[in-house]
Amino acid sequence: MAQSMDPRAYANVPVGLNFLVVAYGYSQGDVGADSSPLQDAHTRVHTLPLVYVRSLDVLGHAGTIALLLPLAHLTATASLDGASDVRREVSGLADPGLRLAVNFHGAPALSAAEFAAYRQDLIVGASLYVTAPFGQYDADRLVNIGTNRWSVKPELGVSKVLGLWTVELAAGVTWFTRNDEFFGGNTRSQDPLYSAQLHLTRQLGRGVWGALSTTYYEGGRTAINGVPRDDSLAGSRLGLTLSLPVDRWNSVKLTANGGLYARTGSDFVGVGVIWQHLWLGGP
């Protein structure tokens, strides 16, 4: 979650738009298997996120509500206690998420007709992202797609247009509930995880835009049955996004990302393709 990068997350859009997003992502790399006896863990993950977004009028300000249903197929290999090799392959639903966002400065709620005359300057917004423990989870397995816990991430975002460039900065913190059914009948807790994103987006003409993104995250130390472990996370990643319009209602995004620095935690590379369809209407 802390390593995700989402340029234009606080851009203004007309009220009453609906977005349907279907994506495919592939990532592989070394993963820090925190709170476990696993070593040299390596994963390959195929993901298929399904997202519905609705733009809203929130007391005169532009807002959105988004529902995320992520499907995943994960293959992981590791050594157990430095000896025998183990393998885990699993498919299913990851933890679904709900995101509420509102731009409370510089992004008034506008109809599609009014939006034609809108020009962005400085936008300040906030969001709240919640994941629910409904993903695939087996308490007898150490590696799962779901996490068997809730998470809550409030975030503050700023977006500023400078000619053909847009500079975006977002900072947030994620809190986690306990997992009372962790591997081996244990209880696993985790400290808050702090993260920040920076995006430089360039308009390339005819609806085409590209973004260079980076993120930094730190924290998230875990404890098993109240005993802290030496596994705090820290790292930074770099990402690229290219958005290409297909027609008035459809667009395709191409993404790529990799690690810049990973003191602890995951170090992986990934690519993805995102199809977005939008339509205006509904209550």
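The values are calculated or read from the model by the stated rules, or taken from the named source; none is laboratory data. Keep in mind it's a predicted model, so treat the numbers as computed, not measured. Positions of Cβ are generated from backbone atoms using ideal geometry, with glycine treated the same way; all protein chains shown enter the neighbour counts.
Out of 67, 71, 59, 93, I need the residue that is closer than 24 Å to residue 272 by Cβ, exposed (fewer than 14 other Cβ atoms within 10 Å of the Cβ) and modelled with pLDDT of 95 or more. Which one?
Criteria check complete, one pass: 67.
I'd like the full set of residues that are under 30 Å from residue 120 (Cβ atoms), without any contact (Cβ under 8 Å) to a residue 40 or more places away in the chain and of a type in the set (S, T, N, Q), limited to the stretch 183-240.
203, 236
Which residues, counting only those in the stretch 239-273, are surrounded by fewer than 17 Cβ atoms within 10 Å (Cβ to Cβ), touching a Leu at 6+ places or on another chain (Cβ under 7 Å), more than 30 Å from residue 17 (Cα to Cα) and not hydroxyl-bearing (Ser, Thr, Tyr)?
Scanning the stretch 239-273 gives 258, 260.
Look at residue 217 and say whether it is at pLDDT 95 or above and either out of contact with any strand residue (DSSP E or B) (no Cβ under 9 Å at 6 or more places or on another chain) or aromatic (Phe, Trp, Tyr) (or both).
In short, no.
Restricting attention to the stretch 29-45, does a residue exist that is surrounded by fewer than 18 Cβ atoms within 10 Å (Cβ to Cβ) and at pLDDT 95 or above?
no
Can you name every residue in the stretch 223-251 that is within 19 Å of residue 212 (Cα to Cα) and within 18 Å of the chain's Cα centre (by Cα)?
Initial filter on the stretch 223-251 (within 19 Å of residue 212 (Cα to Cα)): 235-245, 251.
Scanning the stretch 223-251 gives 235, 236, 237, 238, 239, 240, 241, 242, 243.
Can you tell me which residues in the stretch 162-176 are within 15 Å of the chain's Cα centre (by Cα), surrounded by 21 or more Cβ atoms within 10 Å (Cβ to Cβ) and of a type in the set (A, V, I, L, M, F, W, C)?
170
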